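Have a look at the structure below, then the notes.
The values are calculated or read from the model by the stated rules, or taken from the named source; none is laboratory data. Note that the structure is predicted; figures quoted are calculated from it, not measured. In this analysis, Cβ positions are derived from the backbone assuming ideal geometry, glycine residues included, and neighbour counts consider all displayed protein chains. Ligands, DNA and RNA are stripped out before the accessible areas are found, and what is left, the full protein with its side chains, is counted by its heavy atoms. Shrake-Rupley method; radii C 1.70, N 1.55, O 1.52, S 1.80 Å.
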Amino acid sequence: QVQLVESGGGLVQTGGSLRLSCVGSGRTFSNYAMGWFRQAPGKERGFVAAIRWNGANTRYADSVKDRFTISRDNAKNTVHLQMNSLQPEDTGIYYCTSGSTTILVGRGSGDYWGQGTQVTVSS
């Protein structure tokens with residue numbers, strides 16, 4: 001059974017930082033692209049970042065470029081999202097996803113999704 005489990009969310013003040021982690025099991029995640037999406041209250045889930053299977057290529061939503069960094073540790077089946085300079089508009093549930101390519105992951109067409117971790121940024 002394939003599972004993705006996110007952690008690292010929490011409450012932080014504007015300008016603060018958080019590091020999200022997603023641990024996968026049940027498949028060889030080093031063969032797949034990984035990504036992060038987020039869903040704010042009352043809004044649709046939207047793309048945040050994606051990383052190629054070998055970490056060579058990354059993609060980001062314009063709203064998080066230069067503030068967020070996606071990385072992965074294939075030996076640990078883990079993908080991270082380092083979030084700096086957090087703003088209230090970054091508040092939402094952050095989901096980890098896995099898929100064949102960064103393009104598919106970026107489109108929200110990942111094969112598997114985690115349950116999400118809540119990030120709240122207070123003003």
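Table for the structure above
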| quantity | calculated |
| --- | --- |
| Tabulated pairs, region 33-46, first touching a residue at least 40 places away in the same chain (Cβ under 8 Å), second open to solvent by 90 Å² or more (accessible area, probe 1.4 Å) and part of a loop (DSSP other than H, G, I, E, B), C-beta under 6 angstrom, 6+ apart or interchain | Ala33/Arg52; Ala33/Trp53; Phe37/Arg45; Gln39/Arg45 |
| Residues of region 92-123 satisfying the condition of being of a type in the set (Val, Ile, Thr), modelled with pLDDT of 95 or more and open to solvent by 30 Å² or more (accessible area, probe 1.4 Å) | Ile93, Thr120 |
| For Val48: the one exception among (1) under 16 Å from Gly9 (Cα atoms); (2) open to solvent by 50 Å² or more (accessible area, probe 1.4 Å) | (2) |
| Where a residue in region 8-20 is basic (Lys, Arg) and its partner, wherever it lies, is modelled with pLDDT of 95 or more, with Cβ under 9 Å and at least six apart | Arg19/Gly8; Arg19/His80; Arg19/Leu81; Arg19/Gln82; Arg19/Met83 |
| Matching residues in region 26-45 - criterion: being out of contact with any Phe, Trp or Tyr (no Cβ under 8 Å at 6 or more places or on another chain) and open to solvent by 50 Å² or more (accessible area, probe 1.4 Å) | Gly26, Thr28, Pro41, Gly42, Lys43, Glu44 |
| Which numbered condition Glu6 fails, given (1) surrounded by fewer than 17 Cβ atoms within 10 Å (Cβ to Cβ); (2) acidic (Asp, Glu); (3) assigned to a strand (DSSP E or B) | (1) |
| Leu20 vs. criteria over 15 Å from Ala75 (Cα atoms) and open to solvent by 20 Å² or more (accessible area, probe 1.4 Å) | no |
| Scan of region 108-121 for residues that are out of contact with any Ser or Thr (no Cβ under 7 Å at 6 or more places or on another chain) and in contact (Cβ under 8 Å) with a residue 12 or more places away in the chain, ordered by number | Gly108, Gly114, Gln115, Gly116, Gln118 |
| Hits in region 10-43 - residues which are among the hydroxyl-bearing types (Ser, Thr, Tyr) and closer than 18 Å to Ser63 by Cα | Thr14, Ser17 |
| Residues (surrounded by 17 or more Cβ atoms within 10 Å (Cβ to Cβ) and either closer than 15 Å to Glu44 by Cα or touching a residue at least 60 places away in the same chain (Cβ under 8 Å) (or both)) located in region 75-91 | His80, Leu81, Met83, Leu86, Asp90, Thr91 |
| Qualifying positions in region 61-73 - open to solvent by 50 Å² or more (accessible area, probe 1.4 Å) and either farther than 16 Å from Cys22 by Cβ or touching a residue at least 24 places away in the same chain (Cβ under 8 Å) (or both) | Asp62, Ser63, Lys65, Asp66 |
